[in-house]
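The numbers here are math on the coordinates, done by the rules we state, and not lab data. Note that the structure is predicted; figures quoted are calculated from it, not measured. Because the Cβ atoms are built from the backbone with ideal geometry, glycine has one as well, and the counts that use them run over all protein chains shown.
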Amino acid sequence: MRQILVGMTVVAALLSVAEPGAAQGPPSLPLVREGVCPFECCIYGPWVARTAIPVFAREGNRADTVGMLAPGDAVEALTGNVHIRRAATAVFQQPYRMLLTLSDTLRLAPGDTVYVLDHISEGVYHVWYRGTPFEMDQQWVYPDESAAVQAGARALADGPPETEWWVRIRQRDGREGWILLDPTGPAVFDGSDACGD
């Protein structure tokens, strides 16, 4: 079942986060963030492939390949959706306060857990806490960090979240399809980063 996640940051919803009686648990997965470009300076529009990339008939279906882009192929990137397959679990080991509005603050205590959904931009992620999604600067480290880094970290996560970035493209001959990209991996298209590749 596909769940759509829209309106990630809503102040009214954030205010309910601090309520101690709210249920805490991971979100039902997978979640899909529609119409997003998932990294800082990400843009849709004219792209040129740097490497060979398979084209799929449908988003989310790796079995239905309908073609292959070759290096140098030009496409129009129309839109994209991020599929969140696995949320990382980050457990706080130090207190943390985050200002939500001028008068409301989220307070996390040692032992509190947030579920890291996906990467938005440099150092910023969507997280899930007590049934509410919102944005948070990275406060956690992963298990591959040194013991010294982990000991001083505000929170420890069990690994990064697992996401897929599906991009709808139109080729020069008018055919449309979907390509699967890694938003945190190396750029495989020229033109996808407005800040420069």
| task | Report, by chain and number, residues whose modeled amide H sits under 5 Å from the one on VAL66, excluding near sequence neighbours (fewer than 5 apart, same chain). | result | VAL55, PHE56, ALA57
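Fewest to most neighbouring Cβ within 10 Å: what's the order for MET98, MET136? Can you show the working numbers first?
On the way: MET98 17, MET136 20.
Ordered by Cβ neighbours within 10 Å, fewest first: MET98, MET136.
Given 4 °C and 1.567 mPa s, compute D for the chain with the Stokes-Einstein relation, Rh being the Kirkwood radius over Cα pairs; round to the nearest whole µm²/s.
Values: Rh = 18.3 Å.
Rounded to a whole number, D works out at 71 µm²/s.
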| note | Of the range 47-61, those with amide N under 20 Å from the point 7 Å along the Cα→Cβ vector of ALA70 are 47-56
